[in-house]
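Structure first, commentary second.
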Amino acid sequence: MTPRVPRLSSLWVRRASASSPGATPVVGDGGRASPPESLTGRTSVQTSRVCRGVVGSERVGADWLLRSNSPPGVAGTTPPRKRLARDAAWEAIMKKPRAAVGRRAAVGRRCRKQASSQAGREKHALNSSQANPSVPDAGLAKRQEEVVLQASVSPYHLFRDTAEVTVFRESLLSWYDQEKRDLPWRRRAEGEMDLNRRAYAVWVSEVMLQQTQVATVINYYTRWMQKWPTLQDLASASLEEVNQLWAGLGYYSRGRRLQEGARKVVEELGGHVPRTAETLQRLLPGVGRYTAGAIASIAFGQATGVVDGNVVRVLCRVRAIGADPSSTLVSQQLWSLAQQLVDPARPGDFNQAAMELGATVCTPQRPLCSQCPVQSLCRARQRVEREQLLASQSLPGSPDVEECAPNTGQCQLCAPPTEPWDQTLGVANFPRKASRRPPREECSAICVLEQPRARGGARILLVQRPNSGLLAGLWEFPSVTVEPSGQCQHKALLQELQSWAGPLPATRLQHLGQVVHTFSHIKLTYQVYGLALEGQTPVTTPSGARWLTREEFHTAAVSTAMKKVFRVYEGQQPGTCKSSKRSQVSIPASRKKPSPGQQILDSFFRPHIRSDASRLNGTAQ
């Protein structure tokens, strides 16, 4: 049986090898080289310090023993003469008085237990890193990132003392208590005593508010909570019902993920929503860092900061952060600032106050700086005043206003030299607008296929999209992807229609116009066609298709783009749709309203029509 003391003493040599460049590698159990200190961390070094004090006088002998690379009685690479001397030294150590040996053995057992436990953790970590070399230790990576971040950031962009932080918290919360908007999700969260129902109310609102304006969300949220007031209600609903209520809100995967999360809470977590931001993000599908922090702080009172678009704008202006906020380094700094500022006594109110400030006062364009409760702490405002003084040249030299002064090189949080200050923008110079890739362009031929004489009224054909991808699970008119040039789209669309409805008369397929709709990453142009069938609805309808009345269509789970397509079919007035800035509707020139010049010519050649109409109107009055 291999003695354990040499194994324990290997920790001493590990420390020596880590500090001495010329030290020989330590061989552990089974002749395998022990991992270097950089992999095992600091705990082994600390353990070696404890054990070094225990053995005391045996230090020199044990060190010498370990330099021989193998314990007594075990064959290794040690020469025979050295092995004999080593064994003699070992026997000398073991012949110490029994009390001292017993005392040292007791302490040594504790040290061995600690070392063994640490070695097991280190071995597991090492094996994990070897099995997944592309996934580094998260804690170590985070510490390294923090060191790099602090080294490259000027104190100008930070809150350097607690007094500033306290003033910021008190000023913002006092303003919020007086100016906050009365919103349905806030009323529910404040009045709900059941923590799970409160978390659900916050969860729904935060998911709906992603990339969507408050005014749009209010009606959707109210209808949603009326239909599914609890997690259990939502978990028992069908995806069709969820898509139907979500229709028109955009980013349709949000509704599907929300229901998936509700089902997981009900079926796997016993109906209890996770209580911390970390577990929320880890356990619930579709819940990212921001949503997890919002739920944890508002519903459960966890002191965790949040960063959304509004908070990014507020923090970038308050601390004059001009670098790209979407970059990793700037994003980390913003989250760090949010965590530093959040009020531990009122974390939910503080996070909502920061978002409220960005939505109503610190807006992207024309911010209301005179109404800002933290104006005195705003470095962007100070920068505006400094630039104004420099521009007026009323004072010699530079005004006495604090500036960013990094220790070395370019500050990583300041705007790059290639983007100079724009005097016309003022504080809106912050944050820097991230460069976005233009959406890719696609074209689709789509047809409204109608049975005007169907039983029970006219009906139109809808088909369901696949369960994954763009607009997953929603219903739409039959369509086919085509080339923008328009070649062969008539034939391709007719074949698609016949796959759903059987033989169709090609001569009745008429082009009506086009709809241009931009999704988050796709600019899709729909070439709209119409075809009215004679007779009744086909006896058999393929799976994934259905015939609906016009009233049923308007309440079905269809996207906003499909409603625009249907408007073209109905022949409504052309032009840009007022309900969506990102969707345009147009119709062929033969169907368009005459130009002003054409109207003048028409009135010139047909003057009697206008005069007759005037006389008729005068008589009627």
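The values are calculated or read from the model by the stated rules, or taken from the named source; none is laboratory data. Since the model is a prediction, treat every value here as computed from it, not as a measurement. Don't worry about glycine lacking a Cβ; one is built from the backbone with ideal geometry, like all the others, and counts go over all protein chains shown. Protein only, heavy atoms only, side chains kept; ligands, DNA and RNA dropped before computing areas. Shrake-Rupley method; radii C 1.70, N 1.55, O 1.52, S 1.80 Å.
Numbers below:
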item	result
Global form of segment 329-370, assessed from the alpha-carbon gyration tensor, a/c cut-off 1.5	oblate
Three-way shape label, segment 398-519, alpha-carbon gyration tensor, a/c 1.5	prolate
Amide H contacts of LEU512 (H built 1.01 Å from N, under 5 Å, at least 5 apart or other chain)	VAL528, TYR529, GLY530
For segment 244-251, 3J(HN,Hα) per residue [Karplus equation, 6.51 cos²θ - 1.76 cosθ + 1.60, θ = phi - 60°, Hz, x = Gly/Pro]	5, 6, 7, 3, x, 7, x, 6
Assigned charges on the beta-carbon of Lys, Arg, Asp, Glu; segment 416-572 dipole about Cα centre (debye)	140
Cα lying deepest toward the dipole's positive end in segment 230-317, options THR276, GLY305, ALA235, charges on Cβ	GLY305
Global geometry of segment 454-512, whether rounded, prolate or oblate, following the gyration tensor of its Cα atoms and the 1.5 cut on a/c	oblate
Dipole moment magnitude, nearest 20 debye, segment 181-340 about Cα centre, only Lys, Arg, Asp, Glu C-beta charged	320
Greater than 24 Å apart at Cα, pairs in LYS433/LYS523; LYS264/LYS523; LYS264/LYS563	LYS264/LYS523; LYS264/LYS563
Derived scalar couplings ³J(HN,Hα) [segment 379-388; Karplus, 6.51 cos²θ - 1.76 cosθ + 1.60; whole Hz; x for Gly, Pro]	6, 5, 5, 5, 5, 4, 5, 5, 5, 5
Accessible carbon and sulfur surface of segment 164-273 relative to its total accessible area, %, 1.4 Å	44
Residue-span extension gain [GLU267 to HIS554] - 0.36 nm each, minus C-alpha spacing	100.0 nm
Relative contact order (%) - segment 182-226, alpha-carbon pairs under 8 angstrom, separation at least six	41
J(HN,Hα) series, segment 427-442, from Karplus relation 6.51 cos²θ - 1.76 cosθ + 1.60, nearest Hz, glycine and proline x	5, 5, 4, 10, x, 5, 6, 6, 6, 10, 6, x, x, 6, 9, 9
Solvent accessible area, Å² - PHE300, 1.4 Å probe, full protein context	50
Sequence-distant residues sharing a close amide H with ARG459 (under 5 Å, placed H)	GLN451, ALA454
Charge dipole magnitude, Cβ of K and R +1, D and E -1 - segment 294-446, Cα centre, debye nearest 20	140
